[in-house]
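Just so you know, all these numbers are worked out from the coordinates, no wet-lab data involved. Every value quoted in this text rests on a predicted model; they were computed, and no experiment measured them. Don't worry about glycine lacking a Cβ; one is built from the backbone with ideal geometry, like all the others, and counts go over all protein chains shown.
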Amino acid sequence: MKISIITVCWNASATLEETIKSVASQTYNNIEYIIVDGGSTDSSVDIIKKYTNVIDIWVSEKDKGLYDAMNKGVAMATGDYIGILNADDTFFEKNTIEKVAKFLQDNPLDACVGDIVQHKNGKIIRKYSSKNWIPEKLKIGFMAPHPAIFFKKELFQKFGNYKLGYKIAADYELIIRYFIKHTITWKYSGITTTSMSVGGASSSGLSSYNKITEEVAKAFTDNKISYSPFKVKYRVFWKIFDFLKK
C-alpha cells in the first residue's frame, strides 16, 4: 500500500526542515512525499533541494492559496491513500505511517480518523482526540483534526477537491461533503498521527474565529445540509464543556 504525504508551504524555512526530517525518519518504506511550495522568497526551496532524496515530487510556483496548493498535491499523488502534513508540523512517532498503513490494510475503508497533539516549545500542551467524534458533531462545530485523517485517493476523483471559494475552512467543507453528504466509510484508528505547533490559519484570534464560523455556515448551505447555526457560532463553549467532562 502506497501512502502519499502532501506538504504545502510558503516561506516556511523556519520549520520546513523539521517537517521533512519527520517524513525521512518514518519506518514505512512505501511513502510518496510531495511538497508544493507557493513560490517562496526565503530559503524554503534551498531546504527542499537539500532533501530531494526524500521528496518524490516537488514544485515551487505561485498558487491561489493553501487549498489550491493542496489540490495540486492531490493531483500529483499516486498513492492509495493521502495524508496532509503541514509545513510547521511533524509526525508524532517514527512509525506513525507504518501504524496507519497497517490499520488501513486491516480496515480497507474510505478513510481513517486519528488524533493529534499540540505542542509549544517542545512540550505537549493538548491532545485532540477523535475517539468520541462522529460526523453529526460537524453540525455543532466539532471537526475531526484534518491532519489526522487519511483519505482514499479515489475520493477526490469521485467527490471533488478542496473548494477555493473558502479561505479558511475548505478542509471543514470537504469533511462535511465526504462524511455527511456522501457518507464515506471510515473508522477511528486510535493513532496519534501529528504533532502540531500552536497557531495556524484557523486558530489565530477572534477575526479568524468569526471567519471560520461564516465559512462553516456556507459549507452546510452549499451542501444543502441542516445544522445548528447557534451551536456552530458558540462552539467554543461546547468544546470547553466537553473538555471539562473528560
| remark: Ranked on Cβ counts within 10 Å of their own Cβ, fewest leading, 36, 23 go 23, 36
| request: For a footprinting-style exposure proxy, rank 35, 3 by other Cβ within 10 Å, fewest first. | output: 3, 35
| Which one is right for this structure if Rg and Dmax of the Cα atoms in Å is calculated from it: (i) 18.2, 57; (ii) 25.9, 107; (iii) 17.2, 50? | (iii)
| said: Suppose only helical runs count, i.e. DSSP H with n ≥ 4. What mean residue ellipticity at 222 nm does that imply for the chain under -39500 (n - 2.57) per run, divided by all residues and rounded to the nearest 500 deg cm²/dmol? | reply: -10000 deg cm²/dmol
| message | With θ taken as phi - 60° and the coefficients 6.51, -1.76 and 1.60, list the Karplus ³J(HN,Hα) couplings across the stretch 89-106 in order, rounded to whole Hz; mark glycine and proline as x. | response | 10, 9, 5, 5, 9, 5, 9, 4, 6, 4, 5, 4, 4, 5, 4, 6, 5, 7
| query | Using a ≥ b ≥ c from the Cα gyration tensor of the stretch 124-224 (square roots of the eigenvalues), is it rounded, prolate or oblate, where a/c under 1.5 gives rounded and otherwise the larger of a/b and b/c decides, a/b for prolate? | reply | oblate
| remark: Helix 235-245: inclination vs the chain longest Cα principal axis, degrees, rounded to 10, gives 90 degrees
| For labels at residue 132 and residue 109 in the simple 7 Å Cα→Cβ model, what's the distance in nm? | 1.9 nm
| request: Return the sequence-ordered ³J(HN,Hα) values of the stretch 145-156 in whole Hz as given by the Karplus equation 6.51 cos²θ - 1.76 cosθ + 1.60 applied to θ = phi - 60°, using x for Gly and Pro. | output: x, 3, x, 9, 9, 10, 9, 5, 3, 5, 4, 5
| query | Percent relative contact order of the chain, based on C-alpha pairs within less than 8 angstrom and at least six residues apart? | reply | 21 percent
| message | Here is the link list: 139/224; 139/233; 127/153; 72/163; 137/231; 127/152. Which ones come out longer than 18 Å on Cα distance? | response | 127/153; 127/152
| Theoretical FRET efficiency, 1/(1+(r/R0)^6), r = Cβ-Cβ of residue 14 and residue 61, R0 35 Å, to 0.05 | 0.95
| task | For the chain, find the longest principal axis of its Cα atoms and tell me its angle to the long axis of helix 66-76, 0 to 90°, nearest 10. | result | 60 degrees
| request: Using 0.36 nm per residue of separation minus the Cα-Cα distance, give me the extension gain between residue 53 and residue 208 in nm, one decimal. | output: 52.1 nm
| note | Once both label points are put 7 Å beyond Cα along the C-beta direction, the residue 231-residue 183 separation in nm becomes 1.9 nm
